[in-house]
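The values are calculated or read from the model by the stated rules, or taken from the named source; none is laboratory data. Fair warning: this is a prediction, and the values are worked out from it, not measured in the lab. Cβ coordinates were reconstructed from backbone atoms using ideal geometry, including for glycine residues, and neighbour counts include every protein chain displayed.
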Amino acid sequence: MSHYTCSNCDAPHYIFGTTTSFHKAATDLSLDVLGELPLVPLVSAGGDTGKPFLLSPAAVGDNQASGARELSLTMEKVARRIWQKVESSAS
């Protein structure tokens, strides 16, 4: 988790500090950063109950929980990048 997106101002707040050192470490190790996941409090609750948050009612539909849309879009982007890597290595 890299940040919390405030539902009042839609701005990301880096409560654990900026991701600068994370990106630098990835660059130093020649690794791609696949995405920066927002902190979504309900993800923890889903983990505690064994139900993935992205499959919960709070993650889909018109009444998405705070950060749910950002989380699902980031996870989709990560999945697409991984799939591209798999496809290119299979060629």
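Filtering the stretch 12-51 to residues that are more than 21 Å from M75 (Cβ to Cβ) and among the small types (G, A, S) leaves G17, S21, A25, S30.
From the list K77, K51, the one residue that fits, being out of contact with any Gly (no Cβ under 8 Å at 6 or more places or on another chain) and either assigned to a loop (DSSP other than H, G, I, E, B) or of a type in the set (D, E, K, R) (or both), is K51.
Here's a check for you: in the stretch 61-91, which residue that is surrounded by 14 or more Cβ atoms within 10 Å (Cβ to Cβ) and of a type in the set (A, V, I, L, M, F, W, C) is modelled with the highest pLDDT? Among those that are surrounded by 14 or more Cβ atoms within 10 Å (Cβ to Cβ) and of a type in the set (A, V, I, L, M, F, W, C), it is V78.
Got at least one residue in the stretch 60-67 being under 11 Å from the mean Cα position of the chain (by Cα) and not in a strand (DSSP E or B)? The answer is yes, given that some residue of the stretch 60-67 is under 11 Å from the mean Cα position of the chain (by Cα) and not in a strand (DSSP E or B).
Please determine whether any residue of the stretch 58-66 is out of contact with any Leu (no Cβ under 7 Å at 6 or more places or on another chain) and in contact (Cβ under 8 Å) with a residue 60 or more places away in the chain. Among the residues of the stretch 58-66, at least one is out of contact with any Leu (no Cβ under 7 Å at 6 or more places or on another chain) and in contact (Cβ under 8 Å) with a residue 60 or more places away in the chain, which makes the answer yes.
The set of residues in the stretch 36-59 being within 13 Å of the chain's Cα centre (by Cα) and either of a type in the set (K, R) or modelled with pLDDT of 90 or more (or both) is empty. Filter the stretch 2-35 for residues that are within 15 Å of R69 (Cα to Cα) and surrounded by 10 or more Cβ atoms within 10 Å (Cβ to Cβ); which is modelled with the highest pLDDT? So the residue we want is G35.
Considering (1) assigned to a loop (DSSP other than H, G, I, E, B); (2) among the polar types (S, T, N, Q); (3) more than 25 Å from Q84 (Cβ to Cβ), the lone condition that S21 does not fulfil carries the number (1).
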